[in-house]
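The values are calculated or read from the model by the stated rules, or taken from the named source; none is laboratory data. What you see is a predicted model; the values in this text were computed from it and never measured. Reconstructed Cβ throughout: ideal geometry from the backbone, glycine too, with neighbour counts over all protein chains shown.
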Amino acid sequence: MSAKGVEPMIQALPTLPRPDPFVDDTTYLDRRATTLRGWDPERLAQVFRGAAGADFPPRTAIRELTMPALILAWTGDPTHPVSTAQELAELLPSATLHLATSTADLAAWTDHLVGFLDGRR
C-alpha cells in the first residue's frame, strides 16, 4: 500500500460492483472497510501484487492434481470471475463447485465445507 494505507481503497468501494450475494446487503461497505482496515497495509500490498502477477497454471498441470477440491465462488464479481471457478471444476478430476448467487447460498458454504472436510463432499 502507499503511504496513505488502505483508505483510498475504502473510498473506492462504493464505485465497485458488488458480488451478487451482497447486492442488497446494507452492511457490506462497512464490513469491507473494517476488514481492509484490519489488514497490515504492507501484507495487503503484497497480496495484491502477488495476485496481479499470478497466472493460471498450465491446464495439464491442474488435471494431474487428484486430491479432492472444494471450489466456492460467487457470481457478479468481475475480479473473481465464475468462469475461472467453472474451469477449475472441469479440470480438477475430484472437484466440487458451489456457486453462491444469494445470501442463502453463502449461508450454505459452512455446511459444504464441513461436508467436504468430513469426506461427504
- Which numbered condition trips up Arg120, out of (1) loosely packed, with under 13 Cβ neighbours inside 10 Å; (2) in a strand (DSSP E or B)? (2)
- Task: Could you tell me whether any residue of segment 74-85 is in contact with a helix residue (DSSP H, G or I) (Cβ under 8 Å, 6 or more places away or on another chain), outside any helix (DSSP H, G or I), of a type in the set (A, V, I, L, M, F, W, C) and within 24 Å of Ile10 (Cβ to Cβ)?
- Result: yes
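Considering only segment 14-29, I want to know if a residue exists there that is in a loop (DSSP other than H, G, I, E, B), in the same structural domain as Arg120 (by TED's automatic domain parsing) and loosely packed, with under 12 Cβ neighbours inside 10 Å.
The initial filter retains those residues of segment 14-29 that are in a loop (DSSP other than H, G, I, E, B), namely 16-19, 23-27.
Retained after the next criterion (residues that are in the same structural domain as Arg120 (by TED's automatic domain parsing)): none.
No: segment 14-29 contains no residue that is in a loop (DSSP other than H, G, I, E, B), in the same structural domain as Arg120 (by TED's automatic domain parsing) and loosely packed, with under 12 Cβ neighbours inside 10 Å.
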- Message: Suppose we filter Pro68, Pro41, Pro19, Pro8 for residues that are over 27 Å from Leu117 (Cβ atoms) and at pLDDT 90 or above; which single one remains?
- Response: Pro8
- Candidate set: segment 30-57, residues that are of a type in the set (Gly, Ala, Ser), assigned to a helix (DSSP H, G or I) and within 16 Å of the chain's Cα centre (by Cα); chosen: the one surrounded by the fewest Cβ atoms within 10 Å (Cβ to Cβ): Ala52
- Taking segment 88-106 as the search range and keeping residues that are surrounded by 15 or more Cβ atoms within 10 Å (Cβ to Cβ) and assigned to a helix (DSSP H, G or I), which one is nearest to the chain's Cα centre (by Cα)? Leu106
- Note on the structure: Asp40: passes all of (1) of a type in the set (Asp, Glu); (2) free of Cβ contacts under 8 Å to residues at least 12 places away in the same chain; (3) assigned by TED's automatic domain parsing to the domain that holds Leu117 but (3)
